[in-house]
Each structure stands twice: as structure tokens, then as C-alpha cells.
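Colleague: Could you have a look at this structure, given as C-alpha cells, before my questions?
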Amino acid sequence: MIALLIAGGFSLLYSLLLTPLFVRVFNRLRWGQPIRVDGPKEHEVKRGTPTMGGLIFLSGSVIAYFLGKFIMGETPTPSALLVILMAVGAGLVGFIDDFMKARMQNSAGLNGWAKIVGQILVAVAFALLGLQFANQAGVTPVSTHVSIFRDLPFDFMTLGSVLGVIVIVVWIILIVTSATNSVNVTDGLDGLAAGAALLAFGAYLGIGFWQSAQNCATTAGKAGCYEVRDPMDLAVIAAAFLGGLAGFLWWNTNPAHVFMGDTGSMGIGGAIAALAILTRTELLLVLIGGLFIIETGSVIVQRLYFKVTKGKRIFLMSPIHHHFELKGWAEVTVVVRFWIIAGLFVVAGVGAFYGEWLLQQ
């Protein structure tokens, strides 16, 4: 519990106090954000705003986690290290994309398929490592089941040891690529993705904490207990990301002093995907990350409708946050209202999670 408070508090102060220093360094390196030419014209004033701000809260969150564990004399657990692997790995793919954009000063960056390949490589490493490191009860960080509030009955390993692992890896690839790209799509307005992700990390902090209190390893098989590897440490790393994003949001809110870039959005998406997988709440991510689903869905629907109707559009522009901008909503209005929507989804997700536990009693 104390490690959780240390991690959250340190990462908050790290982002809050050091962001201005990072901004000066980014300006000196000329890491300015290029603006897409077909975007809302009001965004032209943002051209040149420092980007790659994801480096700030990613580094702060990782340092905060290890600091909390060190101060408490505790050993880092495989589950938390896997979350860090996913966040840093996905963030590295985003960093390459950001660096190319800043270097060439256009919004193209890394090829779309190259991003997917990078995300797949990180997801495969995460999945294969996650199937190792069983604890004394034989519980590994990554489950061989699909899960929603906890593992569902069907076990992929009934397909055979080889085919089962392949299917598990493919399933995790789908979750990781969906989450990272969904957060990336949402990152289009000052503070939008940061605020929505902060709420999601808050949900996983609560879920990890609750699973620790109701863990099968410590409650002697009590009804509704959770078979999850290192739930408290998952809460600790979630707290570190929550604190880091809260401090970053102070500087990222409109008008943003720094953008998180793909470094941040992909790193966040990777961390959220990892937390969903390791807390055995993969399908619940549809609710907890509901805003990200809506944002990505708007892009998919727009493109499909455009192709089917040969040029017509449902939205003035996708992702959907730009549609409301072009409808005349102020950027701050769009962001705050979308935060409210994200919060309602998170409340629904956490409420469903708790409701399922009550039904087990």
C-alpha cells in the first residue's frame, strides 16, 4: 500500500515539476509538432508545439515504480515488469514515429504497417514472457483463458500446447494493437487522451487493489476470490501511470505546452492493454476504454461509409472529436464533455466488475 502511494506521488511530482525542463530541451532539439494539412484550421496555431511528451510521464512512471519498491525493500514482480515492457516497447514504436515527423516536419511519420509490426513484436514478447513465471500456486501473469471479470471456463490450451500458445499470442496481439491504436486516434485535442487515460488507470488501480484484497492465495479459496498474479503490484504500476499523467495533464491541457505524441499515446495504450490482460479483465476493457472504442469506431465507420457511398461522409471529419470541432464546439468543450463520457464508461466498467463479485457471494 505504501509503495502505491510513493509511486503515485513521485510520478505526479516528476511530471508536474520537470515538464518545463523537458519542454526547453525539446525546443532546443526542435522536436516540434507538425500539423496535418486536412485538420481543423484552428489547429495551425499549435504548429511547432513540443511533442514526444510521452517521454516525460513514461520515464517518471517507471522510475516511480522502482523507487516505491526500493524504499519499501520489495522485489519488483513479473507482472509489473511486463506492464513496463509493454508501455516502453509500444512507446518506443511511437517515439520512432514522432522522431520521423519532427525530423521531416510533416505528419506522415512511420508507415502504418511498420507501426503495426512494431506493436506485434512487443505483444509477442509480452505474451511469451507472460506465460512464464508461475507463482507457488501455478498462476502465471498471462492467463490461457479469455476473461471479462475473471477467467472464463474455456482454456486455449485444450487446443494443444502448440496451437494453444499460438492462439493466445494472436489474441494478445489483437488486444494490444487495438488498445495502442485506439488511444493514438483519441490523441487529437489538448488533454483529451491524457484525461481519458488517467481515468482508465484509476479503474485499474482500484481493480488491482480489490483483487489483492480478494486474492485466492490469501483468502483461502473464499467465494469470488481472484486468481491473479501480483495484483497489488499491478495497482502500484497503475498508480504510477495515473500520477504521471496527472502531472503531465497540468501542462498538456488547453493550450498545451507540450504534446504527448505517439510516444505517449502508444505507451499509454500498451500499458492499459497490459493491465487488462494481467488483471484478467480483457473484455471489460471495452467498457473501461469506451471512449477510445468510440473514437476508433468513428474512423472505421467513416472510411467504410466513404467507400460504400463513393465519397459521402457521416461525420464532417473523423475521429469524432474533430466532427464536433467543425460543428462549432470549442476545443475545451469537446475535451471536457468527452472526459465526462470516458468517466461514465469507467464507472460502468468498475461497477460491473464489483457487481459480478457481489453475485459470487
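The values are calculated or read from the model by the stated rules, or taken from the named source; none is laboratory data. All values derive from a computational prediction rather than experimental measurement. With ideal geometry, Cβ positions are generated from the backbone for all residues, glycine too; neighbour counts draw on all protein chains shown. The accessibility values were calculated without ligands, DNA or RNA, using every heavy atom of the protein model including side chains. Shrake-Rupley method; radii C 1.70, N 1.55, O 1.52, S 1.80 Å.
Colleague: Just to be sure, is Tyr305 closer than 30 Å to Pro78 by Cβ, of a type in the set (Ser, Thr, Tyr) and open to solvent by 40 Å² or more (accessible area, probe 1.4 Å)? Steps first, answer last, please.
Modeller: Working: closer than 30 Å to Pro78 by Cβ: no; of a type in the set (Ser, Thr, Tyr): yes; open to solvent by 40 Å² or more (accessible area, probe 1.4 Å): yes.
When the stated conditions are applied, Tyr305 does not pass them.
Colleague: Return the residues of the stretch 150-172 that are in a loop (DSSP other than H, G, I, E, B) and surrounded by 14 or more Cβ atoms within 10 Å (Cβ to Cβ); say none if nothing qualifies.
Modeller: Within the stretch 150-172, the subset in a loop (DSSP other than H, G, I, E, B) is 150, 160.
Across the stretch 150-172, the qualifying residue is only Arg150.
Colleague: Ser265 is checked against (1) hydroxyl-bearing (Ser, Thr, Tyr); (2) more than 14 Å from the chain's Cα centre (by Cα); (3) within 26 Å of Ser15 (Cβ to Cβ) and fails just one. What number does that condition carry?
Modeller: (2)
Colleague: Here is a list: Gly206, Gly224, Gly243, Gly202. Which entry is touching a residue at least 40 places away in the same chain (Cβ under 8 Å) and outside any helix (DSSP H, G or I)?
Modeller: On the way: Gly206 fails: outside any helix (DSSP H, G or I); Gly243 fails: outside any helix (DSSP H, G or I); Gly202 fails: outside any helix (DSSP H, G or I).
Just one listed residue meets the conditions, Gly224.
Colleague: Which one is surrounded by the fewest Cβ atoms within 10 Å (Cβ to Cβ), of the residues in the stretch 131-149 that are in contact with a strand residue (DSSP E or B) (Cβ under 6 Å, 6 or more places away or on another chain) and assigned to a loop (DSSP other than H, G, I, E, B)?
Modeller: The initial filter retains those residues of the stretch 131-149 that are in contact with a strand residue (DSSP E or B) (Cβ under 6 Å, 6 or more places away or on another chain), namely 143-146.
If we keep only those that are assigned to a loop (DSSP other than H, G, I, E, B) too, we end up with 143-144.
Working: Ser143: 24, Thr144: 18.
Only one residue tops the list, namely Thr144.
Colleague: Residues that are in a helix (DSSP H, G or I), at pLDDT below 95 and either open to solvent by less than 40 Å² (accessible area, probe 1.4 Å) or over 25 Å from Val62 (Cα atoms) (or both): does the stretch 114-127 have at least one?
Modeller: yes
Colleague: Follow-up question, since we're still on this one. Considering only residues that are closer than 30 Å to Gly224 by Cβ, β-branched (Val, Ile, Thr) and free of Cβ contacts under 8 Å to residues at least 12 places away in the same chain, which ones fall in the stretch 106-165?
Modeller: Of everything in the stretch 106-165, just one residue is closer than 30 Å to Gly224 by Cβ, β-branched (Val, Ile, Thr) and free of Cβ contacts under 8 Å to residues at least 12 places away in the same chain, namely Thr158.
Colleague: Mind checking which residues of the stretch 282-302 are crowded, with 20+ Cβ neighbours inside 10 Å and touching a residue at least 60 places away in the same chain (Cβ under 8 Å)?
Modeller: Glu282, Leu284, Leu285, Leu287, Ile288, Gly289, Leu291, Phe292, Glu295, Thr296, listed by residue number.
Colleague: Follow-up question, since we're still on this one. Please count how many residues of the stretch 189-213 are polar (S, T, N, Q) and open to solvent by 10 Å² or more (accessible area, probe 1.4 Å).
Modeller: Keep residues of the stretch 189-213 that are polar (S, T, N, Q), which gives 211-212.
Now narrow it down to the ones that are open to solvent by 10 Å² or more (accessible area, probe 1.4 Å): 212.
Counting residues in the stretch 189-213 that are polar (S, T, N, Q) and open to solvent by 10 Å² or more (accessible area, probe 1.4 Å) gives 1.
Colleague: Something else now. Consider His322 against the criteria (1) assigned to a helix (DSSP H, G or I); (2) surrounded by fewer than 24 Cβ atoms within 10 Å (Cβ to Cβ); (3) touching a helix residue (DSSP H, G or I) at 6+ places or on another chain (Cβ under 8 Å): it satisfies all of them except one. Which criterion is unmet?
Modeller: Unmet for His322, out of (1) assigned to a helix (DSSP H, G or I); (2) surrounded by fewer than 24 Cβ atoms within 10 Å (Cβ to Cβ); (3) touching a helix residue (DSSP H, G or I) at 6+ places or on another chain (Cβ under 8 Å): (3).
Colleague: Under 18 Å from the mean Cα position of the chain (by Cα) and in a loop (DSSP other than H, G, I, E, B): is that true of Glu295 in this structure? Before you say what the answer is, go through the steps one by one.
Modeller: Values: under 18 Å from the mean Cα position of the chain (by Cα): yes; in a loop (DSSP other than H, G, I, E, B): no.
For Glu295, the condition - under 18 Å from the mean Cα position of the chain (by Cα) and in a loop (DSSP other than H, G, I, E, B) - is not met.
Colleague: Right, next: Being in contact with a Ser or Thr (Cβ under 7 Å, 6 or more places away or on another chain) and either farther than 28 Å from Ala240 by Cβ or not aliphatic (A, V, I, L, M) (or both) is true for just one of Thr333, Thr309, Thr281. Which residue is that? Working first, answer last.
Modeller: Values: Thr333 fails: in contact with a Ser or Thr (Cβ under 7 Å, 6 or more places away or on another chain); Thr309 fails: in contact with a Ser or Thr (Cβ under 7 Å, 6 or more places away or on another chain).
On inspection, the qualifying residue turns out to be Thr281.
Colleague: OK, next. Could you check the stretch 325-361 and list, in sequence order, the residues that are of a type in the set (Ser, Thr, Tyr) and either modelled with pLDDT under 95 or open to solvent by less than 80 Å² (accessible area, probe 1.4 Å) (or both)? Before you say what the answer is, go through the steps one by one.
Modeller: So in the stretch 325-361, the residues of a type in the set (Ser, Thr, Tyr) come out as 333, 354.
Listed by number, the list holds a single entry, Thr333.
Colleague: Tell me, please, whether a residue that is assigned to a helix (DSSP H, G or I) and without any contact (Cβ under 8 Å) to a residue 40 or more places away in the chain can be found in the stretch 177-189.
Modeller: To start, the set of residues in the stretch 177-189 that are assigned to a helix (DSSP H, G or I) comprises 177-186.
Narrowing further to those that are without any contact (Cβ under 8 Å) to a residue 40 or more places away in the chain: none.
Checked against the condition, which is being assigned to a helix (DSSP H, G or I) and without any contact (Cβ under 8 Å) to a residue 40 or more places away in the chain, the stretch 177-189 yields no hits at all.
Colleague: Restricting attention to the stretch 246-266, which residues are open to solvent by 20 Å² or more (accessible area, probe 1.4 Å), in a helix (DSSP H, G or I) and in contact with a Gly (Cβ under 7 Å, 6 or more places away or on another chain)?
Modeller: Leu249
Colleague: Still on this structure, please answer the following. Based on this model, can you work out whether Thr186 counts as open to solvent by less than 10 Å² (accessible area, probe 1.4 Å), of a type in the set (Ser, Thr, Tyr), at pLDDT 95 or above and over 22 Å from Gln136 (Cα atoms)?
Modeller: Numbers: open to solvent by less than 10 Å² (accessible area, probe 1.4 Å): yes; of a type in the set (Ser, Thr, Tyr): yes; at pLDDT 95 or above: yes; over 22 Å from Gln136 (Cα atoms): yes.
Judged against the criteria, Thr186 is a match.
Colleague: In addition: Can you find a residue that is open to solvent by 20 Å² or more (accessible area, probe 1.4 Å), among the β-branched types (Val, Ile, Thr) and part of a loop (DSSP other than H, G, I, E, B) anywhere in the stretch 62-76?
Modeller: Taking the stretch 62-76 and keeping what is open to solvent by 20 Å² or more (accessible area, probe 1.4 Å), we get 62-63, 66-67, 70-76.
Applying the additional criterion that residues be among the β-branched types (Val, Ile, Thr) yields 62-63, 71, 75.
Still in the list and also part of a loop (DSSP other than H, G, I, E, B): 75.
So far as the stretch 62-76 goes, yes, one or more of its residues are open to solvent by 20 Å² or more (accessible area, probe 1.4 Å), among the β-branched types (Val, Ile, Thr) and part of a loop (DSSP other than H, G, I, E, B).
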